[in-house]
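Okay, so here's the structure we're looking at.
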Amino acid sequence: AELGLAQDDNRFTIGIVSLDKKLRPVISIRIFRETKCFGPGVAELLRHVREAHSLRGAAMTMGMAYSKAWTIVKQAERELGFPLLVSVTGGRHGGGAELSPKAERLLAAYGDYCARMRAFAAEEFGRAFAEFAEEPQAESE
């Protein structure tokens with residue numbers, strides 16, 4: 001392993017990069033009603049709102065326009081049928097936004113569900129693809 005840049009679910013993170021090139025499943029879970037209403041992008045945006053206490057701050061952290069972040073949140077709220085953010089005025093953080101209690105529960109449930117599905121997928125993948133699990137060797141002719 002070495003320090004480097006890794007890509008996971010179309011997001012880049014800096015940290016320890018495994019040089020292991022074994023086959024593995026990559027699972028991305030999205031929740032739908034009529035259209036997609038929740039997935040890894042909305043979850044990431046909400047986590048950043050929780051940290052920044054602001055939708056604008058969360059958008060900036062993600063390199064996203066505020067208008068796009070606002071549209072994502074409003075679309076998710078329409079499909080889910082409940083508010084994800086509540087406005088906060090004054091106080092310790094000087095106003096901004098917080099996750100609604102229901103959004104906190106949704107984010108926790110989504111995280112738990114994704115973790116269980118990834119564990120299940122890894123286990124099933126191990127069974128189904130055992131013969132292919134080794135790193136590729138150069139074919140000799």
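What to note about this one:
- Considering residues of the stretch 123-132 that are out of contact with any Leu (no Cβ under 7 Å at 6 or more places or on another chain) and open to solvent by less than 100 Å² (accessible area, probe 1.4 Å) only, the residue farthest from Gly39 (Cα to Cα): Ala130
- Count of residues meeting criterion [hydroxyl-bearing (Ser, Thr, Tyr) and under 20 Å from Arg24 (Cα atoms)] in the stretch 103-135: 1
- Hey, Val88 in contact (Cβ under 8 Å) with a residue 24 or more places away in the chain and under 16 Å from Tyr110 (Cα atoms) or not: no
The values are calculated or read from the model by the stated rules, or taken from the named source; none is laboratory data. Treat the numbers as computed from the prediction; the structure is a model and nothing was measured. Because the Cβ atoms are built from the backbone with ideal geometry, glycine has one as well, and the counts that use them run over all protein chains shown. These area figures cover heavy atoms from the full protein model, side chains too; ligands, DNA and RNA do not enter into them. Shrake-Rupley method; radii C 1.70, N 1.55, O 1.52, S 1.80 Å.
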